[in-house]
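*Asks:* Below you will find the structure I want to go over with you.
Derivation of every value follows stated rules applied to the coordinates shown; laboratory data play no part. These numbers were taken from a predicted model, which means no experiment stands behind them. Counting neighbours? That spans all protein chains shown, and the Cβs are built from the backbone with ideal geometry, glycine included.
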Amino acid sequence: MLKAVVRLALACLLVVPGCGPSGPEIASVVGTVKMDGKPLPHAIVMFVPQGGRPSVAEADENGKYVLQFSGGRKGAIPGLNRVEINTFAPMGYEVDGTVIPGRKEVVPARYNRFTTLEFEVQPGKKNIADFDLESSGKVIADNAGY
């Protein structure tokens with residue numbers, strides 16, 4: 001189930017003008033996120049193209065994700081994408097009032113705020129973007145900007 005952060009990001013993507021259901025060309029992107037060789041459950045993965053709206057996903061318990069573009073469209077804009085991966089999620093609430101617990105950031109800033117990750121999305125293909133992060137490095141715990 002998508003957590004509040006991913007829902008908010010997806011909602012923001014839906015209000016960006018200029019892209020209806022047919023919208024821009026996108027290509028399928030799936031993958032796995034690991035840290036130090038182990039799956040990173042609930043990692044938030046965002047692909048940010050050089051021009052256009054980003055795509056986002058939340059990894060499952062096994063670190064597997066499928067990027068969402070908008071309005072039920074799965075994928076990302078072809079071309080070079082900056083990739084940001086984080087685990088921070090603020091505490092939130094379901095519609096019925098059930099508390100969604102927050103999560104702290106465990107991913108070093110070089111993979112999110114100061115990301116060095118990039119991925120070239122190939123048009124017309126099922127792109128597989130696997131990331132094996134290293135836990136060494138500074139983690140920015142104040143989560144400013146997320």
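*Asks:* Applying a 10 Å radius around every beta-carbon, put 53-59, 25-31, 100-106 in order of their mean neighbour count, most first. Intermediate values should be presented prior to the final figure.
*Replies:* Numbers: 53-59: 23.4, 25-31: 19.0, 100-106: 14.3.
Packing proxy ranking, top to bottom: 53-59, 25-31, 100-106.
*Asks:* Just need the relative contact order of region 61-146 here, percent rounded to a whole number, with Cα pairs under 8 Å and 6+ apart.
*Replies:* Details: 112 pairs, mean separation 24.8, N = 86.
Contact order relative to length: 29 percent.
*Asks:* Listed highest first by mean packing, meaning other Cβ atoms within 10 Å per residue, what order do 40-51, 118-129 come in?
*Replies:* On the way: 40-51: 19.3, 118-129: 14.2.
My ranking of the peptides, most packed first, is 40-51, 118-129.
*Asks:* Extending each Cα 7 Å along its Cβ direction at Ser135 and Glu118, get the distance between those two points in nm, one decimal.
*Replies:* 3.0 nm
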